[in-house]
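A quick write-up on the structure given underneath.
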Ligand SMILES: [Ca+2]
Ligand SMILES: [Ca+2]
Ligand SMILES: [Zn+2]
């Protein structure tokens, strides 16, 4: 009853209340030509559903079938998010303006597939590729991903064609570089400190120098982060402060204790938080 009232009111606002039996028409609708994703969800694939007379179709649901794309990693979205994931199908309402938005929080790429896009069971279009700034599907856009994009320059590979001009050029690499360091929120447990596991993740890795160490602290304490070379010599002391529970980034400029940019190569980090400690490797490659 409530929903009916709202629909009728919106229809009056639009100046043309659709009758029962109206439907979305593929020829009047619009599907973005390329599917481009970022694990942080800041790249949107959109479908605009319209009726034959051109008015929006606000009562439907759009479905994108990614079942032919096994390498695309769909990260979970919060309940109440802009779309829902059901195995390899992603769906979103066209309410209220006929627009279904898919800021797909995913990694990995796909090509040569048949990605059908339906609205209320009617085929709106087919796409054959998913391009992603996270080329390797680990849900972090790192220098390694940019290197993969760079390797596709000069080709027509749709998995790295972010501006949808059928070519991979320096412009596509620039667009990807703008997403460097982006990652999916599930990797760092943003916003909820209860039951957090202690974790440290260097982003990006490999790096052109600067690295943000994303620290997930289950409890407050003194956090100490230092960088070492493979011989075990301390290269830089990055951080030594009390932190609160939660998630934060600790920034290393990529410089040594003397302020010089470190040479390309392999480095190790050690982070302690109270009695907890983590260590790992970062690669600097300019
Ligand atoms: Ca990646
Ligand atoms: Ca392009
Ligand atoms: Zn991004």
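The values are calculated or read from the model by the stated rules, or taken from the named source; none is laboratory data. Keep in mind it's a predicted model, so treat the numbers as computed, not measured. When we count neighbours, we look across all protein chains shown, and the Cβ atoms used for this are built from the backbone with ideal geometry, even at glycine.
Go over the candidates 52, 39, 58 one by one and state the one that is under 23 Å from residue 113 (Cβ atoms) and at pLDDT 90 or above.
Sole residue among the options that is under 23 Å from residue 113 (Cβ atoms) and at pLDDT 90 or above: 39.
Considering segment 126-139 alone, what residues qualify as being in contact with a helix residue (DSSP H, G or I) (Cβ under 7 Å, 6 or more places away or on another chain) and more than 16 Å from ligand 2 (Cβ to nearest atom)?
134, 136, 139
For residue 164, are the conditions met, namely being modelled with pLDDT of 85 or more and buried (at least 22 other Cβ atoms within 10 Å of the Cβ)?
Spelling it out, it is not the case that residue 164 is modelled with pLDDT of 85 or more and buried (at least 22 other Cβ atoms within 10 Å of the Cβ).
Within segment 73-90, track down each residue that is surrounded by fewer than 16 Cβ atoms within 10 Å (Cβ to Cβ), touching a strand residue (DSSP E or B) at 6+ places or on another chain (Cβ under 8 Å) and part of a loop (DSSP other than H, G, I, E, B).
Applying the first criterion (surrounded by fewer than 16 Cβ atoms within 10 Å (Cβ to Cβ)) to segment 73-90 yields 76, 78-81, 84, 86-89.
So of that shortlist, the ones also touching a strand residue (DSSP E or B) at 6+ places or on another chain (Cβ under 8 Å) come out as 76, 84, 88-89.
The answer is 76, 88.
Could you check segment 28-50 and list, in sequence order, the residues that are in a loop (DSSP other than H, G, I, E, B) and either within 18 Å of the chain's Cα centre (by Cα) or surrounded by 20 or more Cβ atoms within 10 Å (Cβ to Cβ) (or both)?
Let us first name the residues in segment 28-50 that are in a loop (DSSP other than H, G, I, E, B), namely 29, 32-34, 38-44, 49.
Listed by number, the residues that qualify are 29, 32, 34, 38, 39, 40, 41, 42, 43, 44, 49.
Quick one: residue 181 ticks every box in (1) within 14 Å of ligand 1 (Cβ to nearest atom); (2) surrounded by 16 or more Cβ atoms within 10 Å (Cβ to Cβ); (3) over 13 Å from the mean Cα position of the chain (by Cα) bar one, so which box is it?
Every listed condition holds for residue 181 apart from (3).
Name the one entry in 200, 224, 214, 238 that is in contact with a strand residue (DSSP E or B) (Cβ under 8 Å, 6 or more places away or on another chain), closer than 23 Å to residue 104 by Cβ and assigned to a strand (DSSP E or B). Spell out the reasoning first.
Details: 200 fails: closer than 23 Å to residue 104 by Cβ; 224 fails: closer than 23 Å to residue 104 by Cβ; 238 fails: closer than 23 Å to residue 104 by Cβ.
Answer to the check: 214.
When segment 226-252 is examined, which residues are found to be at pLDDT below 90 and within 28 Å of the chain's Cα centre (by Cα)?
Those that are at pLDDT below 90 and within 28 Å of the chain's Cα centre (by Cα): 243, 244, 245, 246, 247, 248, 249, 250, 251.
Here are some residues: 116, 180, 176. Which one is within 16 Å of ligand 3 (Cβ to nearest atom) and under 22 Å from residue 77 (Cα atoms)?
Only one candidate passes the filter, namely 180.
What tally of residues in segment 91-125 results from selecting those that are part of a strand (DSSP E or B) and either farther than 24 Å from residue 148 by Cβ or touching a helix residue (DSSP H, G or I) at 6+ places or on another chain (Cβ under 6 Å) (or both)?
Residues meeting the conditions: 14.
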